[in-house]
1. What list of ³J(HN,Hα) couplings, whole Hz, do you get for region 79-88 from phi and the Karplus terms 6.51, -1.76, 1.60, once you set θ to phi - 60° and write x for glycine and proline?
2. Within region 61-139, list the GluC sites (Glu not before Pro) lying in a DSSP loop whose Cβ has at most 14 other Cβ atoms in a 10 Å radius.
3. Convex hull over the Cα atoms of region 107-164, averaged projected area in nm²?
4. Rounded to two decimals, what is the ratio between the C-alpha radius of gyration of region 1-135 and 2.2 N^0.38 Å?
5. Tell me, what does the Kirkwood hydrodynamic radius of region 318-431 come to in angstroms if you use every pair of distinct C-alpha atoms?
6. If you wrap a convex hull around the Cα atoms of region 260-324, how much volume per residue is inside, in Å³?
7. Take the Cα gyration tensor of region 104-226, multiply each eigenvalue by 5, square-root it, and list the three semi-axes largest first, rounded to whole angstrom.
8. If you consider only alpha-carbon coordinates, what radius of gyration and Dmax does region 136-183 have, in Å?
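The values are calculated or read from the model by the stated rules, or taken from the named source; none is laboratory data. All values derive from a computational prediction rather than experimental measurement. Neighbour counts are summed over all protein chains in view; Cβ atoms, including those assigned to glycine, are modelled from backbone coordinates with ideal geometry. With ligands, DNA and RNA removed, areas are computed over all heavy atoms of the protein, side chains included. Shrake-Rupley method; radii C 1.70, N 1.55, O 1.52, S 1.80 Å.
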Amino acid sequence: MTLSTADIRRKFIEYFGRQGHQAVSSSSLVPADDPTLLFTNAGMNQFKDVFLGTEKRSYTRAVSSQRCVRAGGKHNDLENVGYTARHHTFFEMLGNFSFGDYFKQEAIKFAWEFLTEELKLPKEKLLVTVYSEDDEAFDIWENQIGVPKEKIIRIATSDNFWSMGDTGPCGPCSEIFYDHGEHIWGGPPGSPEEDGDRFIEIWNLVFMQFNKQADGTMESLPKPSIDTGMGLERISAIMQHVHSNYEIDLFVNLINAAAEIVGTDDLENKSLRVIADHIRSCAFLVCDGVMPSNEGRGYVLRRIIRRAVRHGYKLGANDIFFYKLVAALTKEMGEAYPELADQKPVIEKVLRVEEEQFSKTLSRGMNILNEALSDLEGDTIPGELVFKLYDTYGFPVDLTNDVAREHDYKIDEEGFEAAMQAQRQRAQEASQFGADYNSTLKVEQQTAFTGYTENEGDANVV
Ligand code: ATP
Ligand code: MG
Ligand code: MG
Ligand code: MG
């Protein structure tokens, strides 16, 4: 019997529960009291103060399945979506944590036991990395776990050395990879082909061992800690004998729902994957209180929604569609995240209104872009045009970039920045006058949505 995503999530929590870990619910995607962090991007975020020692909990071992978004800030996987088999904007991170309790040896043992005994993964398909100087971890993998030497790879880069910030807790990591087989392009970690999708990183074990001082010296922590993270979708892909995360139960259902809603039967289309990915981040962000806007978190949300809408348009959607996927998503994830089911009507409304607004200018903007692309000499889209699409048609740069990339074009980012700067300057000059007519002029007229069909002839260019 194949395990569903929900089964795997439950098995993980149960396994670590049996090892004395307190099950802790996922925290919000909007980090509590941490203005330095755009969105929650790892299971450890909600435990930051516990690791720092400024907050005490009644337990020293915890386990969670944390909702994460990596679409901006330090970790940004937005541009990877649709291009790799393993990256999402929204994903769930399974993690076990030790706050000054167990350390390297147990952390490695638990991870190995969970993968090879609970999930019964074949050992020969796994390989591990350690930080180049971490002989202790190498020794545990080799002599206590029995992983052959040639499958333990020393990595010298920051990929295998984690730190919370410029100062504070930090330490080496050890990552576990799964080999999906020779038929897929890619090489083992540390090799030139490691960015391929053959060897997929599934679990990162962080050994918080030092406290980095402002002068760069490393003090040993009196009570070292453990922070781990495993992508639920990645381990589900392995357990369901598929290669791409987008082929797991949850995504297949979302992709089918999206195909039906936009009216396509081209199930392999990359745009369906993008939409299925984006509905998760957008719905959960709204669920956690983020509203589309022109700055900060709200702007990131707006960018993701607009990107999803553009992909729907590309597939031939001829009506507002994105919000309709909230029902399918709630069916998939509402049990694990009851807040999603509770907030469903709000989420639908926010997504619908945002799409309605954008749809008014989307097809006109797309026509302008397509025309420019067909006349383009060279491979770079001028910054002025990127700016016009942004300013007049609400195309965030990464959306234009997404279209450009599909056609192997680049965008002139410098030129765009210059145009932005010039506009800021004009706005500043204008603000010296009392009345701001610009803002009055910019209020959009209420027009009924007429569908994406008005320029259908050009849609195939996108
Ligand atoms: P990668 O190198 O594949 O980008 P990472 O090293 O950035 O992954 P970590 O920061 O170590 O990832 O996060 C811990 C785990 O979370 C990863 O081992 C992976 O299983 C999962 N993960 C990270 N980013 C994503 C993502 N964008 N989508 C899905 N799962 C992810
Ligand atoms: Mg990454
Ligand atoms: Mg990595
Ligand atoms: Mg990693």
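1. Working through the residues one at a time gives 6, 7, 5, x, 10, 10, 7, 10, 10, 10 Hz.
2. On the way: sites: 79, 92, 106, 113, 117, 118, 124, 133, 136; in loops: 133.
Here the sparse-neighbourhood loop sites are 133.
3. Computing the convex hull of the Cα atoms and averaging its projections yields 4.4 nm².
4. Numbers: Rg = 16.2 Å, N = 135, 2.2 N^0.38 = 14.2 Å.
For region 1-135, the normalised Cα radius of gyration is 1.14.
5. Result for region 318-431, one decimal place: 16.5 Å.
6. Convex hull of Cα atoms, per residue: 76 Å³.
7. 27, 17, 11
8. Spelled out, the Cα radius of gyration and Dmax of region 136-183 are 13.6, 43 Å.
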